[in-house]
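Taking it in order: structure first as structure tokens, then the write-up.
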Amino acid sequence: MKRMVARAARQIESAFGIYEHQFHRITVRAQERFEQRDWTGAQQDGLERLDVYSSVCDRLVESLQELMGDHLTSKNSWRQIKDAYRLQLEGRANRELAETFYNSATRRIFSTVGVDPRIEFVRGKGPLPKDFSSVTRRYPQSETLERRMRRIVADASLSLNWRGRTQQADLLAERIRARLGNTPVDIEMLAMTFYRNKGAYLIGRLQGAGVTLPVVLALINPDGEMVVDAIILEEDELSKLLSFARSYFRVATTNVGPVVGFLKSLLPKKPVAELYISLGYDKQGKTELFRDFVRHLSRSDDRFVVARGERGMVMAVFTLPSYDVVFKMIKDRFAYPKRTTRREVMQKYRLVFKHDRVGRLVDAQEFEHLTFSRDRFEPALLEELLATAAQTIEVKGDLVTLHHAYTERRLTPLDIYLRENPTPIAREAVLDYGNCVRELALAGIFPGDMFLKNFGVTRH
């Protein structure tokens, strides 16, 4: 038994290493794609990377089946494997990702309802790192802003000529002075470049006496020469860049935690889950979302209620008023004139997961076998869910299990937003609604209908 346990723990860590290697191998192509303006290749890389996690995890489960045989579903064996695996992870970078990978394997094997702390890592490794020195470069105020701008771009090590280098560096310095006045600042930049679609981004912060601001240089390659297209110096604008409605970045790092910690220091209001997801670690983001939600439940006493807005024909939607997320469950039957199936609905969610969301499609996380206390549901909501989604909800005693659900950031339905806001604000929203439809069409996505209730508004 001891030998099998040790081999199983090593197999899991080895599989996680394979996942890391494949993820990183695809990610590092981003620089060459940007330099060569190979946008099709970049898009294909993004799609390929999305499938790596599940592919490696599936192969792991198959190899564990061969190794463990009848012991595969023995929780006693898995308690020992978990202990052995924990010891193997001591001092390892990306430990939080490795624990989530292990959990993914156990949940594939056991189809765990709720959480089983005996065989799963439940708490995580603790707070995000506060020391960012391993992932950043510093540019002290002893140098001029102009020189530091030139060094920051040069340190990105792109094999492209920087068009208008001196003039652009001067302009960047001028923008920073316009924002800060004469306040002297140090600059700390993440050492890796963030790539997405046709852009590359250098992200950091300005720090001076009583001042901490984000700084982002947005680079483009329109014709074989690099240009700094924009500079971001506001938290809100950086939050939009790292939005849940955009495709994932490709960021080559072997130590994710400090990068997420640095971004969190710039965006204290943004959930940690969204930061992991924006870097392409959607499974870790899902784990962080669940853990944060469980913590929130323990500190709150409000109940799940039907989400604001008209009832949908396909999905039953509810929310916890004190938490900025909605839960969506596919209904058992769809109201006329909808003619679709559960499978087709799930395929549409998968399409959104893989598609360029152009800042207009909300990222969704898929969950199975979530368990909550019955007393956290308003009776009317529970009655409605049992009537409309009985195939995927189960009530046993004091527990409610959602066997399949999606979560998304909560939005204000556009029809409600227009009714509740004065005309100038409503007019601006309607214009942006038109832009939304246009931008989705340019990305090859056409809404099934144009009902305002199917669109939403968020702060970012």
Task: Size of charge dipole - segment 314-460 - debye, nearest 20, with Cβ of Lys, Arg +1 and Asp, Glu -1, no other charges - done: 440
- [ ] Could you run the Debye sum over the Cα atoms of segment 305-457, one equal point scatterer each and no solvent, and tell me log10 of I(q)/I(0) at q = 0.20 Å⁻¹, two decimals?
- [x] -1.41
Open item on the list: So for segment 2-110, averaging the separation of alpha carbon pairs under 8 Å that are six or more residues apart and normalising by length, what relative contact order in percent results?
Closed with: 42
TODO: Report the far tail of the P(r) of segment 136-278, meaning the percent of Cα-Cα pairs longer than 24 Å.
DONE: 28
- [ ] Show that you can apply the helix-only estimate: for the chain, add -39,500 (n - 2.57) for every DSSP H stretch of four or more residues, divide by all residues, and state [θ] at 222 nm to the nearest 500.
- [x] -15000 deg cm²/dmol
Open item on the list: Along the Cα→Cβ direction, 7 angstrom out, place labels at Arg343 and Ser14. What is the inter-label distance in nm?
Closed with: 3.6
Task: Euclidean distance of C-alpha centroids, segment 246-304 and segment 391-460, integer Å - done: 21
Task: Charge context of Asp223, other residues only, Cβ under 11 angstrom, K/R +1, D/E -1 - done: +1
Task: Listed peptides 411-419, 119-127 by packing density, highest first (mean Cβ within 10 Å) - done: 411-419, 119-127
Task: Isotropic mean projected area of the C-alpha convex hull, the chain (nm²) - done: 24.7
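No value in this document is a laboratory result; all are computed from the given coordinates. Given the structure is predicted, the values throughout are model-derived calculations rather than measurements. Counting neighbours? That spans all protein chains shown, and the Cβs are built from the backbone with ideal geometry, glycine included.
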